[in-house]
Amino acid sequence: MNKKNLKILVVGVGSIGKKHIDNFKNFTKKIDIVDISKSRIRDCKRKFDFINGSFLSFKEAFKKNNYDAVLICTPPHKHLDIANLAAKNKTHLFIEKPLGMNVKGWDKIIKQNKKNNLISYVAYCHRHINYIQLAKKLLHQKKIGKIISGNIRWGSYLPDWHPWEKYYNFYMAKKHQGGGALMDESHGIDLLRYLVGEVKSVFAIVDTISGLKITSDDNALLTLRMENNSLFQINFDLHSRFPRVSLEILGTEGNMFIDRIKNEISFFNIKSKKWKTLKFNQKDLLRMYKDQANYFLNCIIKKRKADVDIIDGLKTQKIIDLAFMSSKKGKIFSVK
């Protein structure tokens, strides 16, 4: 089997669902769609004239067809139900981040997937940015020496996300649907795990303080002790009027600064006392979506385990869960 013969079901065709269709179409055009909104389905079929089947219910889609893979692009509160049905139908899983609302219920799907040799992938797409991969390689080569500490800043203004709709109607504004700064911007947690290693303990304050008309959190401040004993602080927010996505890592031989807005990696060397900057561009950033689609389909074709499968995605999800718990209890929690 090759990629163009794989039949895919995309559940949820909002902005991220459409983005994935736009990238997966480079490899297969056998794509059906599901959405509870007839207008979103119409809009999607106008944009992608190759789409064949369309359904208002993912259960209906599975009753009528067999699929090689399902892309779960709904708000997080729907992820687990769709994944359960997909696993029962022996379908490979591509799940938008975060994995779900919490860590509960996923062990059953892991067992089902293992039994049927199914691939799962959680879409922490920043691992597919070329300069992030370069940063990982340079850290492994001890470019800045032993890692001591660092900071992650991840913020933007929620009302600017979807200018075509009122922000408070968007799932990101709704706690019960899995919206909020901590859940959605958890790319930062996954990146930290990817670049530095696993998290040992979590302390956090998660709150809604900006005045935006939302029930989800708009601020999340995390302090993480890593397994290598380094300390990292993460600041997620939904009210920054100027977008900020950056990661600073401090080592014994210098500093590394990754700026995803400027698409740059900068290094400070303590011997020369000078900065060196490697510049990339927006194409390097946006190519992550196409590369991610290709990676997932290759995992299916080659029967190869994905790096961020459900088991790995649960590690990030557990940190999210512990951050919420830490904020509620005012305590540090160990990641066990």
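The values are calculated or read from the model by the stated rules, or taken from the named source; none is laboratory data. The shown structure was predicted, so the numbers you read here are calculated from the model rather than taken from an experiment. Ideal geometry is used to build each Cβ from the backbone, glycine not excepted, and the neighbour counts take in all protein chains shown. What goes into the accessible areas is simple: the full protein's heavy atoms, side chains included, and nothing from ligands, DNA or RNA. Shrake-Rupley method; radii C 1.70, N 1.55, O 1.52, S 1.80 Å.
Numbers at a glance
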{"quantity": "Candidate set: region 109-141, residues that are more than 30 Å from residue 274 (Cα to Cα) and hydroxyl-bearing (Ser, Thr, Tyr); chosen: the one surrounded by the most Cβ atoms within 10 Å (Cβ to Cβ)", "calculated": "120"}
{"quantity": "Residue check, residue 280 open to solvent by less than 80 Å² (accessible area, probe 1.4 Å) and closer than 30 Å to residue 24 by Cα", "calculated": "yes"}
{"quantity": "Segments classed as strands (runs of 3 or more DSSP E), wholly inside region 237-336, with at least 2 members that are of a type in the set (Val, Ile, Thr)", "calculated": "239-251"}
{"quantity": "Residues of region 229-257 classified as farther than 22 Å from residue 202 by Cβ, in contact with a Ser or Thr (Cβ under 8 Å, 6 or more places away or on another chain) and among the hydrophobic types (A, V, I, L, M, F, W, C), total", "calculated": "2"}
{"quantity": "Count - residues of region 158-182 that are of a type in the set (Ser, Thr, Tyr) and either under 18 Å from the mean Cα position of the chain (by Cα) or surrounded by 17 or more Cβ atoms within 10 Å (Cβ to Cβ) (or both)", "calculated": "2"}
{"quantity": "The one condition in (1) of a type in the set (A, V, I, L, M); (2) surrounded by 20 or more Cβ atoms within 10 Å (Cβ to Cβ); (3) under 23 Å from the mean Cα position of the chain (by Cα) that residue 85 fails to fulfil", "calculated": "(2)"}
{"quantity": "Members of region 107-155 found to be in a helix (DSSP H, G or I) and hydroxyl-bearing (Ser, Thr, Tyr), listed by number", "calculated": "131"}
{"quantity": "Qualifying residue in region 291-309 (condition: among the aliphatic types (A, V, I, L, M), touching a Ser or Thr at 6+ places or on another chain (Cβ under 8 Å) and buried (at least 17 other Cβ atoms within 10 Å of the Cβ))", "calculated": "yes"}
{"quantity": "Evaluation of residue 135 against (1) out of contact with any helix residue (DSSP H, G or I) (no Cβ under 9 Å at 6 or more places or on another chain); (2) among the aliphatic types (A, V, I, L, M); (3) closer than 25 Å to residue 223 by Cβ (one fails), failing number", "calculated": "(1)"}
{"quantity": "Residue among 59, 38, 4 that is surrounded by fewer than 18 Cβ atoms within 10 Å (Cβ to Cβ), without any contact (Cβ under 8 Å) to a residue 24 or more places away in the chain and of a type outside the set (Ser, Thr, Tyr)", "calculated": "38"}
{"quantity": "Test: residue in region 183-196 that is open to solvent by 10 Å² or more (accessible area, probe 1.4 Å), touching a Leu at 6+ places or on another chain (Cβ under 7 Å) and part of a strand (DSSP E or B)", "calculated": "no"}
{"quantity": "Every residue from region 7-26 that is within 18 Å of residue 96 (Cβ to Cβ), surrounded by fewer than 22 Cβ atoms within 10 Å (Cβ to Cβ) and over 17 Å from the mean Cα position of the chain (by Cα)", "calculated": "22, 25"}
{"quantity": "Close pairs (9 angstrom Cβ cut-off, 6 or more residues apart or separate chains): at negative phi and surrounded by fewer than 14 Cβ atoms within 10 Å (Cβ to Cβ) in region 246-274, among the acidic types (Asp, Glu) and in a loop (DSSP other than H, G, I, E, B) anywhere", "calculated": "270/253; 271/253"}
{"quantity": "Failed criterion for residue 144 (all others in (1) aliphatic (A, V, I, L, M); (2) over 20 Å from the mean Cα position of the chain (by Cα); (3) open to solvent by 20 Å² or more (accessible area, probe 1.4 Å) hold)", "calculated": "(3)"}
{"quantity": "Breaking point among (1) farther than 27 Å from residue 287 by Cα; (2) surrounded by fewer than 15 Cβ atoms within 10 Å (Cβ to Cβ); (3) under 22 Å from the mean Cα position of the chain (by Cα), for residue 106", "calculated": "(2)"}
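Yes/no per residue for (1) touching a Leu at 6+ places or on another chain (Cβ under 8 Å); (2) in contact (Cβ under 8 Å) with a residue 12 or more places away in the chain:
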{"residue": "74", "(1), (2)": "no, yes"}
{"residue": "78", "(1), (2)": "no, yes"}
{"residue": "84", "(1), (2)": "no, yes"}
{"residue": "98", "(1), (2)": "no, yes"}
{"residue": "105", "(1), (2)": "yes, yes"}
{"residue": "111", "(1), (2)": "no, no"}
{"residue": "114", "(1), (2)": "no, no"}
